[in-house]
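**Student:** Mind having a look at this structure? Questions to follow.
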Amino acid sequence: MKNSPNGAGIMDQPPEPSPDEQARRSLTRIKNKIIVMSGKGGVGKSSVSVNLAIALAGKGSTVGLMDVDVHGPDIPRMLGLRGMLTANANRKLDPMRYSDNLSAVSIESLMPNKDDAIIWRGPVKHGAIRQFIGEVEWGDLDYLIIDSPPGTGDEPLTVAQLIKDARAIIVTTPQEVALADVRKSINFCRTVKMEILGLVENMSSYTCPHCGESVDIFGSGGGERTAALAGLKLLGRIPFDPNIVKCGDAGVSYQEQYADAPATRVFGEIASQISDATQS
């Protein structure tokens, strides 16, 4: 008991939970945690993260999208989300709402000047990611999709350390230079004991809108060969479509704008496979 100035006793206030405890409590309310990785930049990993989140949400799942690419946060712009994160009555940050089933958080949504460079070392990144997990009011989620920067550095390692049951999806393009880096991502996941749900081959082929001929701009079959050699599942091949880039730049949903496009069908198929794999 503590005494008030007039002598009356009042109960001690409970101590604030530690950051690690906050993160643990938050994670217990999230059924599936999936980190989207790539061995190198430029393979469209963030586009895949966004479109998989939209596809899962479109199937009725509650989805959170957490952008841990600290130095190149693109998720808010690709979803058309503007403004900054705000605290609620529980002194937690409310994620930005894209739809009834999809919300997102990014370091960009905490920066007044979106063009400021973030110059952080590993321990600061670790703390920021832990805050994104524990100090954000995610609520009950079916999926938390984590968009990670390319490579096997601080951010994916922090996710592996903080989210023990996270599973990975690895994005590649078909050419050999990308596949060589994917093999490093596969070895990273196996080293940290992270289950790999499968590979996604992005920019798989391009169909000319004028003549209808399909062209393998970045080669063909590389994702399937790499998955087979590693004993992994190829979740799907996403065709190259310039409209995916245009929609990402404009902050509008490609799948809504081009509901009948081949890439929309593939995103839906990959989301169905993820749903089947995580419910089994």
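No lab work stands behind these numbers, since they all come straight from the coordinates. Small disclaimer: the values here were computed from a predicted structure and weren't measured. Neighbour counts run over all protein chains shown; Cβ positions are idealised from the backbone, glycine included.
**Student:** Cut-off is 10 Å between beta-carbons; in what order do 71, 126, 210 appear when sorted fewest neighbours first?
**Tutor:** 210, 71, 126
**Student:** Can I ask one more? Can you list the HN-Hα couplings for segment 54-62, worked out from phi with the Karplus curve (6.51, -1.76, 1.60; θ = phi - 60°), rounded to whole Hz and with x for Gly and Pro?
**Tutor:** Coupling constants for segment 54-62: 5, 5, 5, 5, x, 8, x, 7, 8 Hz.
**Student:** Here is a further query. Once you have all Cα-Cα distances for segment 45-167, histogram them in 10 Å bins from zero and send the whole-percent values.
**Tutor:** 13, 47, 36, 4
**Student:** So what is log10(I(q)/I(0)) for the chain at q = 0.08, 0.09, 0.11 1/Å, when the Debye sum runs over its Cα atoms only?
**Tutor:** Each listed q maps to, in turn, -0.35, -0.43, -0.62.
**Student:** What spacing in nm lies between the two simple spin-label points modelled at residue 207 and residue 193, each 7 Å away from Cα in the Cβ direction?
**Tutor:** Result for the modelled spin labels: 4.5 nm.
**Student:** Using the Karplus equation 6.51 cos²θ - 1.76 cosθ + 1.60 (θ = phi - 60°), what ³J(HN,Hα) coupling, rounded to whole Hz, does each residue of segment 123-135 give in order, writing x for Gly and Pro?
**Tutor:** Coupling constants for segment 123-135: x, 5, 4, 4, x, 5, 5, 4, 5, 4, 7, x, 9 Hz.
**Student:** Another one. Stretched out fully, how many nm does the piece from residue 20 to residue 118 gain, at 0.36 nm a residue minus the Cα gap?
**Tutor:** Answer, rounded to one decimal: 32.9 nm.
**Student:** Now a separate question. Could you put 195, 135, 108, 213 in order, starting from the residue whose Cβ has the fewest other Cβ atoms within 10 Å?
**Tutor:** Fewest-to-most ranking of 195, 135, 108, 213: 213, 195, 135, 108.
**Student:** Please work out how much length the chain gains when fully extended from residue 165 to residue 216, using 0.36 nm per residue of separation minus the C-alpha to C-alpha distance, in nm with one decimal.
**Tutor:** 14.7 nm
**Student:** Could you pull out every residue, at least 5 positions away or on a different chain, whose amide H is within less than 5 Å of the one on residue 146? Hs are placed 1.01 Å off N in the peptide plane, and Pro or chain starts have none.
**Tutor:** For residue 146, whose amide H was placed from the backbone, the distant partners under 5 Å are 34, 35, 36, 66.
**Student:** Starting from the Cα of residue 258, step 7 Å along the direction of its Cβ; do the same at residue 272; then give the gap between the two resulting points in nm.
**Tutor:** The modelled label-to-label distance comes out at 2.1 nm.
**Student:** Using only C-alpha atoms and all pairs of different ones, pull out the Kirkwood radius for segment 202-280 in Å with one decimal.
**Tutor:** Mean inverse Cα-Cα distance, inverted, gives 14.0 Å.
**Student:** If you don't mind, there's one more thing I want to ask. Rounded to the nearest 10 degrees, what's the angle between the helix 176-191 long axis and the longest principal axis of the chain, both from Cα atoms, 0 to 90?
**Tutor:** Roughly 40 degrees, rounded to the nearest 10.
**Student:** Under the 0.36 nm per residue contour assumption, what length would be gained going from the current alpha-carbon distance of residue 82 and residue 184 to full extension?
**Tutor:** Stretched fully, the residue 82-residue 184 segment lengthens by 33.2 nm.
**Student:** Would you kindly derive the ³J(HN,Hα) couplings of segment 20-36 from the backbone phi angles with the Karplus curve 6.51 cos²θ - 1.76 cosθ + 1.60 (θ = phi - 60°), listing them in order in whole Hz, with x for Gly and Pro?
**Tutor:** These are the phi-based 3J(HN,Hα) values: 5, 5, 4, 5, 4, 5, 5, 5, 5, 9, 10, 5, 10, 10, 10, 9, 9 Hz.
**Student:** List every residue whose amide H lies under 5 Å from the amide H of residue 102, counting only residues 5 or more places away in sequence or on a different chain, with H placed 1.01 Å from N in the peptide plane.
**Tutor:** Those lying under 5 Å, H to H, from residue 102 are 63.
**Student:** Note down the nm distance, to one decimal, between modelled labels 7 Å out along Cα→Cβ at residue 224 and at residue 90.
**Tutor:** 4.7
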